[in-house]
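Novice: Following this message is one structure expressed as structure tokens.
Readers should treat all values here as calculations from the given coordinates under stated rules, not as data from a laboratory. Bear in mind the structure is a predicted one, so any value in this text is a computation, not a measurement. All Cβ positions, even for glycine, are placed from backbone atoms using ideal geometry, and neighbour counts span all protein chains on display.
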Amino acid sequence: MLQENERSEGLLTNDDIGLKTRLKLYRLQVEIRQAEQRAYDLFLQNLVKGTSHLSLGQEAIAAGVATAMEPGDLSFCTYRGHAHTLARGVPVEQVLGELMQRDNGLMRGKGGSMHLTSVDHGVMGSYAIIGAHLPIACGAAWRAQYTGSKDVSVCFFGDGTTNIGAFHEALNFAVIWKLPVLFMCENNLYMEYTPIEVVTAVEHPAADRAAAYGLESIIVDGNDADEVYRTVLKALDKARAGGGPSLIEAKTYRHSGHSRADPAKYRPEGELDKWLERDPIKIYRTRLLEFGVNEDTIKSIEDETASKIETATELCKASPPPPEDILTTDVYADGGWAWRN
Amino acid sequence: MAELSYREAVARGIAQEMKRDELVVFLGEDVAAAGGVFKATEGLLDQFGPTRVRDTPISEQAILGAAMGAAMTGLRPIAEIMFSDFIAVCFDYIANEFPKSRYMTNGQVKCPLVVRTGNGGAARFGAQHSQSVENWAMMIPGLKVVAPSTPSDVIGLLAASVRDPDPVIFFEHKSLYATKGEVPDGEIVDRLGTARIIRPGKDATIIALALMVHRAREAAERLADEHGIDCEVIDVRSLVPLDMQTILKSVAKTGRLYTVEENPRLCGWGAEITSIVADEAFYDLDGPIVRITTPHIPLPAADNLEDLALPSADRIVAKIKTTLN
């Protein structure tokens with residue numbers, strides 16, 4: 001919950017968000033942008049292996065949601081989860097280290113880009129099977145309800161997820177059990193390589209389904225961190241007060257392809273340029289200036305982040321690959337993999 | 001000591017654990033108000049109330065996903081999947097989510113839960129409500145796989161499963177729910193990964209699971225009475241962890257191994273054990289290892305056809321008699 005003094009710290013008297021929170025929102029977006037760009041550069045240098053799914057262009061959602069969340073709240077992410085993991089405060093070197101499959105990685109290279117998890121930061125996993133984590137988030141929310149804990153489970157997913165069964169099972173389940181969970185749909189207009197409207201019966205893949213489960217239809221501008229923040233804050237307050245789940249659809253756009261293998265040639269001419277004008281970071285930077293934040297403050301956030309990413313990259317490059325003896329650890333709770341005597 | 005049915009044992013086992021630990025919660029379709037379609041969970045709602053014993057929609061993914069989310073954040077859930085055939089519609093959780101979460105997070109995520117499910121045939125339910133699918137679970141690293149054959153084992157192994165820190169798939173046999181057995185008074189807690197010799201013998205080793213344990217025992221009695229063949233019968237009880245030492249020791253003594261498996265032929269659990277025995281105890285064997293299984297077919301509904309398909313005491317007797325020497 002925001003402190004009253006934070007809310008009134010804004011430079012303008014009508015600012016409901018406050019300067020401190022605004023600067024946090026900007027810093028998070030910049031950090032995610034720079035980390036994702038670095039991940040892409042490292043991929044080009046063959047230092048990030050396997051696959052990776054970037055959130056370039058979608059930073060305002062990760063930043064807005066994470067800023068609205070309380071420290072004890074839980075995040076359930078998808079394979080496009082670098083942004084949400086970083087937004088909860090997970091050190092960037094641990095994220096890049098995992099992408100580079102180094103021993104300093106968040107999971108020492110045992111999970112990889114698609115499974116970023118940091119239980120200590122409330123990041124309860126990144127799930128690479130579409131829809132799987134919506135019911136799992138319900139379960140975590142059920143535990144909160146059962147034990148009387150006030151935390152809320154937040155589940156991120158893309159527009160493509162709204163067409164899989166687990167989405168519908170989870171929404172119904174969360175409503176009938178009145179669970180403290182927030183379903184956060186990032187509609188970036190493409191289900192992998194296919195325009196979402198080609199494969200979806202309704203115009204707004206998440207919001208138009210809300211009514212089927214007795215939920216309010218909520219659409220926000222996913223490129224506006226303030227709007228995301230405000231809307232999510234309300235949904236989290238409702239969940240915490242025992243009001244049950246919410247479903248939010250945030251409209252946004254993915255600047256790059258689906259994964260590192262996708263040059264996104266299927267996009268119509270000019271579409272990307274149009275969305276680049278609505279770049280969430282550009283929007284937010286302009287807004288900070290309008291709110292009277294001076295250029296130096298903004299620049300220092302950008303520079304500090306750049307040097308943080310640089311240090312993190314060097315740390316990761318210096319880290320060895322994971323030792324071979326962890327190949328068979330942690331299959332079972334005894335720490336090992338024995339299945340017979 | 002009291003005589004209890006296998007289905008009553010399920011309810012007693014769950015109740016024992018719910019009484020012990022209030023973090024144990026139970027969810028599934030028709031499990032609360034209706035007491036379960038097999039009446040195996042009757043009375044639990046009255047005893048523990050609607051916050052701990054919860055009916056769910058027909059949403060198997062939601063059931064298993066919710067169980068996982070609860071488990072990884074501190075509860076000890078028991079989830080019911082009514083028929084084990086339905087595991088196919090929520091297999092993601094069994095195959096990808098429960099068993100891999102600990103490994104791929106480098107030990108950060110824990111998943112202590114139990115999935116109880118009605119497994120097996122001989123109830124004339126046809127091809128989609130009769131399968132023995134324990135091998136679907138056995139093949140996945142990270143899971144534990146249990147299949148009790150008696151009421152007493154239902155309680156003891158269920159308690160061990162609930163207390164186990166890993167995800168356990170607990171296969172109850174539908175055709176055993178009405179069977180009865182002696183059950184000791186008081187708390188019963190068994191150990192996973194322990195096979196049990198239920199009939200000692202010297203001529204051949206028969207290993208079996210769940211319903212097949214009873215058929216193997218009947219066959220062994222008849223082989224002894226009618227043909228003078230003395231078989232050792234082992235109830236495997238738990239496929240993961242697998243008590244290979246009990247099986248290898250028995251084979252060392254008898255020199256012959258028969259598996260009795262209700263699953264269709266290919267990749268049944270007996271195939272894995274056969275391979276281990278061939279690998280590690282080849283010189284203890286006096287003849288080929290023989291697998292007695294359901295043929296590689298879907299199960300039919302008609303009683304005469306289903307009886308023909310599932311390994312019967314008659315078939316076990318005939319197979320052992322003709323192959324032993």
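Novice: Can you give the three extents of the C-alpha atoms in chain B along their principal axes, from longest to shortest, in whole Å?
Specialist: Principal axes ranked by extent give 59, 42, 39 Å for the Cα atoms.
Novice: Then there is this: Please grab the % of Cα pairs in the stretch A:144-298 that end up more than 24 Å from each other.
Specialist: I get 42 percent for the Cα pairs in the stretch A:144-298 exceeding 24 Å.
Novice: Then there's this: Extending each Cα 7 Å along its Cβ direction at A:Glu277 and A:Leu23, get the distance between those two points in nm, one decimal.
Specialist: 3.3 nm
Novice: Using every Cα-Cα pair within the stretch B:2-183, state what percent have a distance larger than 25 Å.
Specialist: Of all Cα-Cα pairs in the stretch B:2-183, 26 percent lie more than 25 Å apart.
Novice: Now, a different point. Would you mind telling me which residue in A:Val198, A:Val95, A:Val152 has the biggest mean-square fluctuation in a Gaussian network model of chain A, where springs connect alpha carbons within a distance under 10 angstrom?
Specialist: Its mean-square fluctuation being the largest, the pick is A:Val198.
Novice: Within a 10 angstrom radius of the beta carbon, how do B:Glu187, A:Glu269 rank from fewest other beta carbons to most?
Specialist: A:Glu269, B:Glu187
Novice: For the protein assembly as shown, what value does the Rg/Rh ratio take when both radii are computed over Cα atoms and Rh is the Kirkwood radius, given to two decimals?
Specialist: Radius of gyration relative to Kirkwood radius: 1.05.
Novice: Lys/Arg Cβ at +1, Asp/Glu Cβ at -1, dipole of chain A taken about the Cα centre: which of A:Thr329, A:Cys77, A:Tyr284 is farthest positive-ward?
Specialist: A:Thr329
Novice: Right, something else. Relative to the Cα centre, what is the charge dipole magnitude of the protein assembly as shown, using +1 at the beta carbon of each Lys and Arg, -1 at the beta carbon of each Asp and Glu, and rounding to the nearest 20 debye?
Specialist: 620 debye
Novice: Take the alpha carbon atoms of the stretch B:112-181, find their center, do the same for the stretch A:19-92, and report the distance between the two centers in whole angstrom.
Specialist: Taking the Cα centre of each part, the stretch B:112-181 and the stretch A:19-92 sit 42 Å apart.
Novice: Of B:Gly118, B:Gly228, B:Gly270, which has the largest mean-square fluctuation in a 10 Å C-alpha GNM of chain B?
Specialist: B:Gly228
Novice: Which whole-number percent is the relative contact order of chain B (Cα, under 8 Å, 6+ apart)?
Specialist: Dividing the mean separation by the residue count of chain B yields 16 percent.
Novice: May I pose another question? Could you work out [θ]222 nm for chain B from helices alone, using -39500 (n - 2.57) per DSSP H run of at least four and dividing by all its residues? Round to the nearest 500 deg cm²/dmol.
Specialist: That calculation yields -10500 deg cm²/dmol at 222 nm.
Novice: Divide the volume of the convex hull of the Cα atoms of the stretch B:196-323 by its number of residues and quote the answer in cubic angstrom per residue.
Specialist: 99 Å³
Novice: Before anything else, pin down the relative contact order of the stretch B:2-183: Cα pairs under 8 Å, at least 6 apart, normalised by residue count, whole percent.
Specialist: Result for the stretch B:2-183 is 28 percent.
Novice: In cubic angstrom, how much convex hull volume per residue do the alpha carbon atoms of the stretch A:248-341 span?
Specialist: 263 Å³
Novice: With each label point set 7 Å from Cα along the Cα-Cβ vector, what nm distance links B:Asp286 and B:Val189?
Specialist: 4.3 nm
Novice: Still on this structure, please answer the following. Which whole number in µm²/s is D for the stretch A:4-315 by Stokes-Einstein, with the Kirkwood Rh taken over Cα pairs at 20 °C and 1.002 mPa s?
Specialist: D = 110 µm²/s.
Novice: Principal axis extents for the stretch A:193-271, Cα atoms only, whole Å, descending order, please.
Specialist: 46, 28, 21
Novice: Give the dimensionless ratio obtained when the Cα radius of gyration of the stretch A:163-228 is divided by 2.2 N^0.38 Å.
Specialist: In units of the globular-protein estimate, the stretch A:163-228 measures up at 1.18.
Novice: Among B:Thr179, B:Thr117, what is the fewest-to-most ranking by other Cβ atoms within 10 Å?
Specialist: B:Thr179, B:Thr117
Novice: What are the principal axis extents of the Cα atoms in the stretch A:1-154, in Å, biggest first?
Specialist: 50, 40, 25
Novice: Moving on. Using bins 5 angstrom wide from zero, how does P(r) for the stretch A:15-93 break down, in % of all Cα pairs?
Specialist: 3, 15, 25, 25, 15, 9, 5, 2, 1, 0
Novice: Okay, next question. Restrict the search to the stretch B:2-44; then list the trypsin sites (Lys or Arg not before Pro) that DSSP places in a loop and that have at most 11 other Cβ atoms within 10 Å of their Cβ.
Specialist: Of the trypsin sites (Lys or Arg not before Pro), not one in the loops of the stretch B:2-44 has a Cβ with at most 11 other Cβ atoms within 10 Å.
Novice: Over the alpha-carbon set of the stretch A:130-194, divide Rg by the Kirkwood Rh and report the Rg/Rh ratio to two decimals.
Specialist: 1.03
Novice: Please identify which residues in the stretch B:258-278 have an amide N closer than 15 Å to a label point set 7 Å out from the Cα of B:His227, following the Cα→Cβ vector.
Specialist: Flagged as within label range: B:258-260.
Novice: Tell me the mean residue ellipticity at 222 nm calculated for chain A from its helices only (DSSP H runs of n ≥ 4, each -39500 (n - 2.57), averaged over every residue, nearest 500).
Specialist: Roughly -13000 deg cm²/dmol at 222 nm, from the helical runs in chain A.
Novice: Right, next: At 7 Å along the Cα-to-beta-carbon direction for both A:Asp237 and A:Ala318, put a label point, then send me their distance in nm to one decimal.
Specialist: 4.7 nm
Novice: In debye to the nearest 20, how big a dipole does chain A give about its Cα centre with +1 on each Lys and Arg Cβ and -1 on each Asp and Glu Cβ?
Specialist: 580 debye
Novice: Here's a follow-up. What GluC sites (Glu not before Pro) does the stretch A:200-255 have in DSSP loop regions with at most 13 other beta carbons within 10 Å?
Specialist: A:Glu203, A:Glu216
Novice: Using the 10 angstrom Cβ neighbour count as an exposure proxy, how do B:Ile63, B:Ile197 rank, fewest first?
Specialist: B:Ile197, B:Ile63
Novice: I would also like to ask the following. Report the per residue volume, in Å³, of the convex hull enclosing the C-alpha atoms of the stretch B:178-233.
Specialist: Enclosed volume per residue, from the Cα hull, is 110 Å³.
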